[in-house]
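A.B. asks: Below you will find the structure I want to go over with you.
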Amino acid sequence: MKHKICFTINGEVKEIEVEPNKTLLKMLREDLDLIGAKEGCGAGECGACTVLVDNEPVNSCLMLAVEVEGKEILTIEGLSEGINLDPIQESFINHNALQCGYCTPGMVMSAKALLNRNPHPTEKDIKEALAGNLCRCTGYQRIIDAVLDIAKKGGGK
């Protein structure tokens, strides 16, 4: 039996019906065609599926879609405004903080959550905030540098 849920995603109110066992990740990708969040491990270990729910980073592969009832979701697709990228997205590009790109949406969303709550994080803060996100290609220094650069500029606000 499907459940009707209502939530805000990337600034838009949505109401859809979902199976009770469908994950937020599957709802995003299959029902809403938002494919930025990726399924890497399916066990909440890699962070490739990270999105913000009520401004907090969550592993969307572990959260049930029905749990977002009345909540606000922000995905990588919701960061940019038209062709204007969010400052954290620009910083990742400027610092070559991506290679294959599979982990990048999750990394960006975790960094965005950190900068929202702490516009001037230290390198230690950044490492702690990104600890749940794995990158197998680029290494972490460029990613940390990208976030530090935004922190020096006031958190990208």
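The values are calculated or read from the model by the stated rules, or taken from the named source; none is laboratory data. Everything numeric here is computed off the predicted structure, so don't read it as measured data. A quick note on method: Cβ atoms are made from the backbone with ideal geometry, for glycine too, and the neighbour counts reach across all protein chains shown.
A.B. asks: Just one of the numbered conditions (1) over 17 Å from Asn133 (Cβ atoms); (2) in contact (Cβ under 8 Å) with a residue 60 or more places away in the chain; (3) touching an Asp or Glu at 6+ places or on another chain (Cβ under 6 Å) is not true of Leu34; which one?
C.D. replies: Result: Leu34 fails condition (2) only.
A.B. asks: Give me the pairs, please: first residue somewhere in the stretch 7-29 and at positive phi, second residue anywhere and surrounded by 14 or more Cβ atoms within 10 Å (Cβ to Cβ) and of a type in the set (S, T, N, Q), beta-carbon distance under 9 Å, and either six or more positions apart or on two chains.
C.D. replies: Sorted first by the residue in the stretch 7-29, then by its partner, the pairs are Asn10/Thr75.
A.B. asks: If I filter the stretch 36-58 for residues that are in a helix (DSSP H, G or I), more than 30 Å from His120 (Cβ to Cβ) and not assigned by TED's automatic domain parsing to the domain that holds Tyr140, do I get at least one hit?
C.D. replies: No, every residue in the stretch 36-58 fails to be in a helix (DSSP H, G or I), more than 30 Å from His120 (Cβ to Cβ) and not assigned by TED's automatic domain parsing to the domain that holds Tyr140.
A.B. asks: Continuing with this model, one more query. Please work out if Cys49 is closer than 15 Å to Tyr102 by Cβ, without any contact (Cβ under 8 Å) to a residue 40 or more places away in the chain and surrounded by 20 or more Cβ atoms within 10 Å (Cβ to Cβ).
C.D. replies: Here the answer is no, as Cys49 does not meet what is asked.
A.B. asks: Does Glu72 satisfy being surrounded by 14 or more Cβ atoms within 10 Å (Cβ to Cβ), farther than 28 Å from Thr138 by Cα and either basic (Lys, Arg) or under 15 Å from the mean Cα position of the chain (by Cα) (or both)?
C.D. replies: Considered against the rule, which asks whether it is surrounded by 14 or more Cβ atoms within 10 Å (Cβ to Cβ), farther than 28 Å from Thr138 by Cα and either basic (Lys, Arg) or under 15 Å from the mean Cα position of the chain (by Cα) (or both), Glu72 comes out as yes.
A.B. asks: Also, I was wondering about something else. Considering the stretch 24-46 alone, what residues qualify as being of a type outside the set (Lys, Arg), within 20 Å of Met107 (Cα to Cα) and buried (at least 18 other Cβ atoms within 10 Å of the Cβ)?
C.D. replies: If the condition is that a residue be of a type outside the set (Lys, Arg), within 20 Å of Met107 (Cα to Cα) and buried (at least 18 other Cβ atoms within 10 Å of the Cβ), then Leu24, Leu25, Leu28, Leu34, Gly36, Ala37, Gly40, Cys46 are the ones that fit.
A.B. asks: Here's a follow-up. Can you name the number of the only condition in (1) among the β-branched types (Val, Ile, Thr); (2) assigned to a strand (DSSP E or B); (3) touching a residue at least 40 places away in the same chain (Cβ under 8 Å) that Val147 fails?
C.D. replies: That leaves (2) as the condition not met.
A.B. asks: Filter the stretch 71-83 down to the residues that are assigned to a strand (DSSP E or B) and either in contact with a helix residue (DSSP H, G or I) (Cβ under 9 Å, 6 or more places away or on another chain) or aliphatic (A, V, I, L, M) (or both), then identify the one that is nearest to Ala146 (Cα to Cα).
C.D. replies: Among them, the one singled out is Leu74.
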